[in-house]
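Novice: Pasting a structure below so you can have a look.
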Amino acid sequence: MYFATTDVTQNFVTILASNDYQAVPLKLTETAKCGTPIKTDGGKAADGKGAIGILLYDVDIAKNPNGAIVVDGIIDYDKAKTAAGDGLTAEVATLAKALPNIIFRDKDGKTYNGAVDAAE
């Protein structure tokens, strides 16, 4: 019997600013880094347009196209921007409007929430 060994360890980066979050599974159509905004078709939404959530972990579709996207919770915008690289070009205010159930925090602790900001 033949067994293959696969190393599943990776450089784990967390973009979460709280342990209280909701994520849903989604099959991605493109390889993406954590922190990247994702559309319903599984593609990247780097500019935030059409985004339904933020990718929680790195996904390499050549190895496994399944990922988890955060749809509710608190995300550290600066960590997400660093982790995603060019996968996240949207400004924090744009993302907050596109994803009203996600609160974004910046390095100064300021929060951006599309649902609350729209009501004000």
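The values are calculated or read from the model by the stated rules, or taken from the named source; none is laboratory data. Worth saying up front: this structure is predicted, and the values here are computed from it rather than measured. We place every Cβ from the backbone using ideal geometry, glycine too, and count neighbours over all the protein chains shown.
Novice: Check every one of the strands (runs of 3 or more DSSP E) wholly within the range 18-120 and list those with 1 or more residues that are out of contact with any Gly (no Cβ under 6 Å at 6 or more places or on another chain), among the aromatic types (Phe, Trp, Tyr) and surrounded by 18 or more Cβ atoms within 10 Å (Cβ to Cβ).
Specialist: 102-105, 111-113
Novice: Here's something else I'd like to know. Out of all the residues in the range 33-74, which are more than 19 Å from Asp86 (Cβ to Cβ) and β-branched (Val, Ile, Thr)?
Specialist: Passing the criteria: Thr40, Ile52, Val70, Val71, Ile74.
Novice: Mind checking which pairs have a first residue in the range 1-26 that is under 16 Å from Lys63 (Cα atoms) and at pLDDT 90 or above and a second that is assigned to a loop (DSSP other than H, G, I, E, B) and of a type in the set (Gly, Ala, Ser), Cβ under 7 Å, 6 or more apart or different chains?
Specialist: If the second residue must be assigned to a loop (DSSP other than H, G, I, E, B) and of a type in the set (Gly, Ala, Ser), the pairs left are Leu26/Gly42.
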